[in-house]
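Comments concern the structure below.
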Amino acid sequence: MCEKEKIVEVCRKYSSFLIGSHINPDGDSLGSELAFASLLKRMGKKVKVLNPTLPPSIYDFLPYREWISTKEKGEGWEVGIVLDCSEYERLREVKTFFSSLPIVINIDHHISNRRFGDINFLDTKASSVGEMVYQLFLAFAQQPTKEEALLLYVAILTDTNCFRFSTTSYTHQIISNLLATGLKPQEIQEKIYSIPFSGIKLIERVLSTLQISEDGKIVWGEINQRMIDEIREAEKIEEITHTDVLINYLCAIKDVEVVALFKELNSSEEREQEKRVKVSLRSKGKVDVNRIAKLFEGGGHFRASGCSISGELKEIESKVIEEIRKEVERSLRR
Ligand SMILES: [Mn+2]
């Protein structure tokens, strides 16, 4: 029996499910977990979606967004389903609610996945977990509803950076089937990718920090806490959204192989104000940035990875750039 069939069997047999995904959820984790939760609910199952952190506000428009909770007491769920999450640690505070369950299903496409489930449905070639969840719908002999199709569309759209990375003809066939439910792709893309003025002001600041290696293969920039505070004050806003899409613009620079963005994390996100820097890494396809992220206890994919390191921004920057240089040299020499 293949992993998909095992998942169908478990989902038919049991009646209560706890579904979760990684800290700071993205479009793929949210779309995948909500679509799968909706399918199970349609089958009459008891379902709860439990995440360590709430979604960013750009995803407020997603159907069933209100199902996501960050609180749980431990109510004797039978099956845990963890999506788009390479390891238990990325579930942070809610980790034990999943790891203590009798059956855990792990559905993921990260190369760095640790196979922590009782059933591990892993496909590192899949563009997104959304694509894998679509396959599960077929394994259940179910077509997605319009709402579920929207969720899966967002999952695939965002993880492929608008269908640029890791897509195959099969990915586009799935997209075609999803759109056939009546989705309006342009409206959805505008909701996710239009950037507020404050975001553009932040890009202006980040561009002024850009550096490029002598060989032109590595580009990096930084977002420090001062920039964020100043823009927040000038624009009179609470939160600057879209800091994550910024790195994708930098990937457009010609002949660059690796892009890195260093972002000082807001101390309130972290326990006891310890200084941390979030490092986002992107590759054009020749250099495996997952190998670099792993050196700093992070991980992800060949072309997109990240890690979070405690310490001072400048120090971390030079350490990471040093490792990127080695990896670029190693990869391009082959
Ligand atoms: Mn993903």
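The values are calculated or read from the model by the stated rules, or taken from the named source; none is laboratory data. All values reported here derive from a predicted model rather than from experimental measurement. Cβ sites come from the backbone with ideal geometry, for glycine too, and all protein chains shown count toward neighbours.
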Exercise. For segment 29-45, name all the residues that are touching a Ser or Thr at 6+ places or on another chain (Cβ under 9 Å) and either in a loop (DSSP other than H, G, I, E, B) or not assigned by TED's automatic domain parsing to the domain that holds L83 (or both).
Key: G44, K45
Quiz item: When residues of segment 145-161 are filtered for being within 16 Å of the ligand (Cβ to nearest atom) and among the acidic types (D, E), how many remain?
Solution: 1
Quiz item: Given G44, G80, G74, which one is more than 19 Å from the chain's Cα centre (by Cα), more than 16 Å from the ligand (Cβ to nearest atom), modelled with pLDDT under 95 and not acidic (D, E)?
Solution: G74
Quiz item: Do any helices (runs of 4 or more DSSP H) lying entirely in segment 244-334 carry at least 1 residues that are assigned by TED's automatic domain parsing to the domain that holds R205 and among the acidic types (D, E), and which ones are they?
Solution: 313-333
Self-check item: Residue check, V94 in the same structural domain as Q135 (by TED's automatic domain parsing), outside any helix (DSSP H, G or I) and of a type in the set (A, V, I, L, M, F, W, C)
Solution: no
Self-check item: Complete set of residues in segment 198-238 that are among the small types (G, A, S) and surrounded by 12 or more Cβ atoms within 10 Å (Cβ to Cβ)
Solution: S198, G199, S213, G216, G221
Quiz item: What are the residues in segment 83-109 that are in contact with a helix residue (DSSP H, G or I) (Cβ under 8 Å, 6 or more places away or on another chain) and within 13 Å of the ligand (Cβ to nearest atom), if any?
Solution: L83, D84, C85, I107, D108, H109
